[in-house]
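Below is one structure; the comments refer to it alone.
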Amino acid sequence: MDTLIVGTDFSPAADNALLYAAALARSLRLQLQVIHVYDIPATMNDMPAMMVSGEELQRLSDESLNRSLERLRRDFGDLTFSGESRLGSVTDEMNDACRKEKAFALVVGSHPATGFERMVFGSSATALLRHAVCPVIAVPEAATFTPLQQVLLATDLASGAPLNLAPLRQLLQASGARLHLVHVRTGEEGPKEAAAKEALVRELADLQPAYLEITNEDLTEGLNDAVRQTGAELLVCIPHHHSVLEHLFFKTHSEAVLQKAPVPVLFLPEERP
């Protein structure tokens, strides 16, 4: 746990995520790497042709990245950071950077989207969450950094998949934050859920989490209520997608949390069998 990566497209949401990532990295004593991924657009003709040369795109990307790095030098002079522009797929390049740096997490910006924006940008964000090789922190456009004191872990208690809690333990140790465990009941539950709750509480016993249960038919509203009750500065979710059926619901649930969460959301990658 020594490197935090932040992805940027130089939008207002990405600029805010950059500032959040820098403050978080400084708070946790991590290095920061800023990554911008660009692609070469093509005209939609029978004969595709590049609208802008690769060299020009590289130059424009580097200029924008340098402006972002200059802001970090001005506002976070005591932070160790670097920056890089890459050509390719956002998901592939971000994952490559995370693997090379053995990154603790990837930070990205998020903003409310409707209609066409949701269809285009939502699918990209969901693809990144689904295929990320490290934890992803999505930062709402209006969020500002607050040192972590209360961290809220959401669990559905029903997946049965093994949980990847090592990054959460690292975060709690580095920040000294208190852990809250919340389960939102959206309907009737049976012995399976009760057993899962007991098992998770036992697994986290050394962290002494406070347990909170909320009944709400709307999962996202229930989580937001838990954020308010606990005063959490960070919401932690584990977006399960290990079965064909769950693939159908993954996009909807993850987007709902991204769209409405009042605080940054840390998505932990699920352990693969």
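Each reported figure results from applying straightforward, stated rules to the coordinates on display, with no laboratory input. Every value quoted in this text rests on a predicted model; they were computed, and no experiment measured them. Ideal geometry is used to build each Cβ from the backbone, glycine not excepted, and the neighbour counts take in all protein chains shown.
Observations
- Under 5 Å, built H, 5+ apart or other chain: amide partners of Cys134: none
- Long-range HN-HN contacts of Gly83 with modeled amide H, under 5 Å: Val34
- If you take all other residues with their beta carbon under 13 Å from the beta carbon of Val227, and give Lys and Arg +1 and Asp and Glu -1, the sum is -1.
- If the chain linking Arg228 and Glu56 were pulled fully straight, counting 0.36 nm for each residue of separation and taking away their Cα-Cα distance, it would gain 57.2 nm.
- Neighbour-count order for His180, His131, fewest beta carbons within 10 angstrom listed first: His131, His180
- Neighbourhood net charge (9 Å Cβ-Cβ; Lys/Arg +1, Asp/Glu -1) for Thr3: -1
- Summing +1 for each Lys or Arg and -1 for each Asp or Glu among the other residues whose beta-carbon sits under 13 angstrom from that of Val139 gives -3.
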